[in-house]
Amino acid sequence: MTCSLETTSLIDFGEGSDAVVFLHGWCCRTGDFASQVQSLSDRCRIFILDWQQRLIARGGDCSFSDICQDIINAISEAGIERPILCGHSLGGFLAAQLAFDHRIPIRGLLILDSALPVTEKIRLLMKDVACRLETGSWEEEYPGIESLFFTESERGEIEQSITRGMMSQPLPVAVGLLDEICSYDEWKSELADINVPIHLVASEHGVVDLEAFHALIPYATSERIKGSGHFVSVFEGEKVNRILHDFLDRVFDS
């Protein structure tokens, strides 16, 4: 079984009652989890939907509440019960909202390089990116923000493919999603209310504040991948797969 790095509307591999639902990030793609699909699909069911393309197709706004409801509907229609949620970047925000709103029963939450909680420093950074995109174009503004995503060692064909995918997204949707993140007040009480196993994986290159995260969720676990950029599922696939298998051991066998 193989899974391409390119995007597809839905990835659904594996069988059984144990399932992991992956949620991709801002202007990202389902194929960013290709390595995880290949590593885990013999062990459990892997379900990945392109929530952003679904948003665009239905002509909806960028409300996280609406996006989460669509994800809930898709999970329910697939017959998946009590999955582990694994979200990368903005997908981590969505996974956290699904967890703290208790809209669906879940067994665990694995977050890949999502800047939770949204501190004022991060909020200002995202507002700046949204403002630049709103007043410019992908071609004009993306070169100024791509350094947020990649290390120099990650430059090359795969990085260019990810970049092309991001720049193909409609600007109003890209801006709207950033604005939605910035509208939340640091997610303090919500994060503290999550009551399932949580593990946060941070890149070395990113802006995740592990101290602020643990201040809100003392029982959570975390680690930082040395030398990594934002797309840890792609460029640090083997390490993320090892982390996932360890997390599945902890949650599914408990």
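The values are calculated or read from the model by the stated rules, or taken from the named source; none is laboratory data. All values reported here derive from a predicted model rather than from experimental measurement. We place every Cβ from the backbone using ideal geometry, glycine too, and count neighbours over all the protein chains shown. We work out accessible area using only protein heavy atoms, side chains counted, and drop any ligands, DNA or RNA first. Shrake-Rupley method; radii C 1.70, N 1.55, O 1.52, S 1.80 Å.
Annotations
- For the residues GLU238, GLU134, GLU159, a 1.4 Å probe over the protein chains yields an accessible-area ranking, largest first, of GLU238, GLU134, GLU159.
- R0 of 45 Å, Cβ-Cβ distance ARG250-CYS131: FRET efficiency to nearest 0.05: 0.65
- The charge dipole of the chain, taken about the Cα centre with unit charges on the Cβ atoms of Lys, Arg (+1) and Asp, Glu (-1), comes to about 340 debye, rounded to the nearest 20.
- Diffusion coefficient, µm² s⁻¹, Stokes-Einstein with Kirkwood Rh over alpha-carbon pairs of segment 125-212 at 10 °C and 1.306 mPa s: 104 µm²/s
- Proximal charge balance of PHE100 [Cβ under 10 Å; K/R count +1, D/E count -1]: -2
- The phi torsions of segment 105-116, fed into the Karplus equation with coefficients 6.51, -1.76 and 1.60 and a -60° offset, translate into couplings of x, 10, 9, x, 9, 10, 10, 10, 6, 9, 7, 9 Hz, rounded to whole numbers, with Gly and Pro shown as x.
- Top of GLN52, GLN69, GLN97 by mean-square fluctuation, Gaussian network on the chain, Cα under 10 Å: GLN69
- Calculated over segment 65-170, the projected area of the Cα convex hull averaged across directions stands at 8.4 nm².
- Dipole check for segment 63-161: with +1 at the C-beta of Lys and Arg, -1 at the C-beta of Asp and Glu, and the Cα centre as origin, the magnitude is about 580 Debye.
- Equivalent ellipsoid semi-axes, segment 23-66, via Cα gyration tensor eigenvalues times 5, rooted, Å: 25, 10, 8
- Among LEU171, LEU94, LEU148, residue whose mean-square fluctuation peaks in a GNM of the chain (springs only between Cα atoms under 10 Å): LEU148
- Comparing LEU85, LEU116, LEU191 in a Gaussian network model of the chain, where Cα atoms under 10 Å apart are tied by springs, the biggest mean-square fluctuation is seen for LEU191.
- Å³ per residue enclosed by the Cα convex hull of segment 122-166: 74 Å³
- In segment 1-147, a dipole from Cβ-located charges (positive for Lys and Arg, negative for Asp and Glu) runs towards its positive end, and of TRP51, ALA96, SER39 it is ALA96 whose Cα lies farthest in that direction.
- Taking the centroid of alpha carbons for each part, segment 90-146 and segment 18-79 are 16 Å apart.
- According to the Kirkwood relation over distinct C-alpha pairs, the hydrodynamic radius of the chain is 18.1 Å.
- Within the same chain, aspartates and glutamates fewer than 8 places from LYS239 are excluded, and of the rest, those with a Cα less than 20 Å from its Cα are ASP32, ASP42, ASP113, GLU152, GLU154, GLU159, GLU204, GLU223, ASP249.
- Extension gain, ASP42-ALA78: 0.36 nm per intervening residue step, less the Cα-Cα distance, totals 11.1 nm.
- Sparsely packed loop sites in segment 206-254 (the chymotrypsin sites (Phe, Trp or Tyr not before Pro) outside DSSP H, G, I, E and B with at most 13 other Cβ atoms within 10 Å) comprise TYR219.
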